[in-house]
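One structure below.
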Amino acid sequence: MKTKVLCLVVLTVAISAFCLIYETPTASAEAIELSYANFPPAPTFPCVQMERWKTEVEKRTEGKVAIKTYPGGTLLGAKQMMDGVRDGIADIGNLSMAYQPGRFTVTNALSLPLGLPNAKVASLTLWDLYMKYQPEAFKDVKVLTMFTNAPSNIMSKKPIRKLDDISGVPIRASGGAAQILKAWGANRLGMPMSETPEAIQKGVVDGLFSSLEVMKDLKFAEMCKFVTMVETPIYPFAVVMNMDAWNKLPKDVQKIFDDLRVEQADWTGTYMDNHVIDSIAWSKKEHGVEFINLSAEEKAKWDALLEPITANWLKEMTAKGLPAQQILDDINTISKKYQ
Ligand code: DTR
């Protein structure tokens, strides 16, 4: 009798243990795997924000979702991002709107020389603008977040202290920043950030026009010993997801992604602004970089040359049927709200 009871107990325990093992969802057995493509190298801010989003998603979904990240253009390049995600080559992708001028007209208005003060304000403004206008350009994808870099400055091999100094200098920029460089008389060359370190090394360009965190992240401080502070414009980015992949997600996961949209914009803007401060200090200390502030008189000359850019955009976009003045007014009002 005793043996029988013992056998029964052992059997019950064994069955319970067996059921427990097979019923407990293990992360790897059940995880929904999503690929996330990014174009620049891993240390740059678009990839840092990608890793932060991955960590948050995996934590908040308790392992239900696993994100596989592809930095450095290993899955999709800078200019293929939107179409590649739409067509399902990657489930998720991060794109710089400036690399396809004319495609993201409404949201790209933010890259006009509007004097947006920092990445946090600009990122939150961009998100609100996107939500208000829901532009056609994004209709085939699910937008997971948007953000911007910090205001751009000129990093160069030779000092640029006045307008004459920039005349004819080959400098790299993309999107709206191109028109700004042209207005100042530089010889602007367009290329994605990912191709810029090599172009500077080979002497194809003598500098670049972007936010200053790259002085540290891409080690431009080793080659560009001068920075001219002009603090405009910013570049808008979007993280987009393939629509079928989005529709397949369980509702609770969709909610987690949606709840992260503004939070991620805010996080990235804040990270970027702090990282620029860090990069400036590092460039001065480690590489003796000189930061040049234009005198008020000189700055007025530079600013005057930029005025026609926004005026022309307004005329051109209004002619195309876009509520261009309203968009500019919205950027102004929304950004003030976040300052
Ligand atoms: N679209 C940008 C903005 C940018 C600023 N920092 C980085 C780092 C990596 C990629 C892009 C960017 C530009 O090309 O300047």
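The values are calculated or read from the model by the stated rules, or taken from the named source; none is laboratory data. Computed from a predicted structure; not experimentally measured. Positions of Cβ are generated from backbone atoms using ideal geometry, with glycine treated the same way; all protein chains shown enter the neighbour counts.
Would you pick out the residues in region 199-220 that are within 14 Å of the ligand (Cβ to nearest atom) and either in a helix (DSSP H, G or I) or under 26 Å from ARG261 (Cβ atoms) (or both)?
Selection gives ALA199, ILE200, SER210, SER211, GLU213, VAL214, MET215, LYS216, ASP217, PHE220.
Residue-wise test of (1) assigned to a helix (DSSP H, G or I); (2) at pLDDT below 95; (3) β-branched (Val, Ile, Thr).
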| position | (1), (2), (3) |
| --- | --- |
| LEU20 | yes, yes, no |
| ALA29 | yes, yes, no |
| LEU34 | no, no, no |
| PRO43 | no, no, no |
| VAL48 | yes, no, yes |
| VAL57 | yes, no, yes |
| ALA66 | no, no, no |
| LEU75 | no, no, no |
| GLY84 | yes, no, no |
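Would you mind listing the strands (runs of 3 or more DSSP E) fully within region 132-187 where at least 1 residues are farther than 28 Å from MET81 by Cα?
Correct list: 153-156.
Any residue at all in region 253-262 that's within 16 Å of the ligand (Cβ to nearest atom), in contact (Cβ under 8 Å) with a residue 24 or more places away in the chain and within 14 Å of the chain's Cα centre (by Cα)?
Initially, region 253-262 is screened for residues within 16 Å of the ligand (Cβ to nearest atom), giving none.
Checked region 253-262: no residue is within 16 Å of the ligand (Cβ to nearest atom), in contact (Cβ under 8 Å) with a residue 24 or more places away in the chain and within 14 Å of the chain's Cα centre (by Cα).
Find the residue count for region 229-252, including only residues that are buried (at least 17 other Cβ atoms within 10 Å of the Cβ) and away from the ligand (no atom under 16 Å from the Cβ).
Going through region 229-252 one residue at a time, the tally reaches 5.
In region 167-179, how many residues are closer than 18 Å to ALA98 by Cβ and more than 12 Å from the ligand (Cβ to nearest atom)?
Summing the residues that are closer than 18 Å to ALA98 by Cβ and more than 12 Å from the ligand (Cβ to nearest atom) in region 167-179 gives 1.
Just checking, how many residues over region 231-252 are over 20 Å from PRO117 (Cα atoms) and not in a loop (DSSP other than H, G, I, E, B)?
Total meeting the criteria: 12.
For the condition assigned to a helix (DSSP H, G or I), out of contact with any Cys (no Cβ under 8 Å at 6 or more places or on another chain) and either of a type outside the set (A, V, I, L, M) or modelled with pLDDT under 95 (or both), what is the one hit in THR228, THR196?
THR196
With the condition kept exactly as written, say whether any residue in region 190-205 is closer than 23 Å to GLU307 by Cβ, surrounded by 15 or more Cβ atoms within 10 Å (Cβ to Cβ) and of a type in the set (A, V, I, L, M, F, W, C).
Among the residues of region 190-205, not one is closer than 23 Å to GLU307 by Cβ, surrounded by 15 or more Cβ atoms within 10 Å (Cβ to Cβ) and of a type in the set (A, V, I, L, M, F, W, C), which makes the answer no.
I need a count of the residues in region 33-62 that are surrounded by 16 or more Cβ atoms within 10 Å (Cβ to Cβ), within 19 Å of LYS251 (Cβ to Cβ) and not aliphatic (A, V, I, L, M).
Number satisfying all stated conditions: 4.
Say we look at region 124-162 and pick out the residues that are within 16 Å of the ligand (Cβ to nearest atom) and among the hydrophobic types (A, V, I, L, M, F, W, C); which of these is nearest to THR107 (Cα to Cα)?
LEU126
Please tell me if MET191 is within 21 Å of the chain's Cα centre (by Cα), in a helix (DSSP H, G or I) and of a type in the set (A, V, I, L, M, F, W, C).
no
Out of curiosity, is LEU129 in a helix (DSSP H, G or I) and crowded, with 20+ Cβ neighbours inside 10 Å?
For LEU129, the condition - in a helix (DSSP H, G or I) and crowded, with 20+ Cβ neighbours inside 10 Å - is met.
I'd like the full set of residues that are surrounded by fewer than 24 Cβ atoms within 10 Å (Cβ to Cβ), assigned to a helix (DSSP H, G or I) and among the aliphatic types (A, V, I, L, M), limited to region 102-126.
Within region 102-126, VAL106, VAL121, LEU124 qualify.
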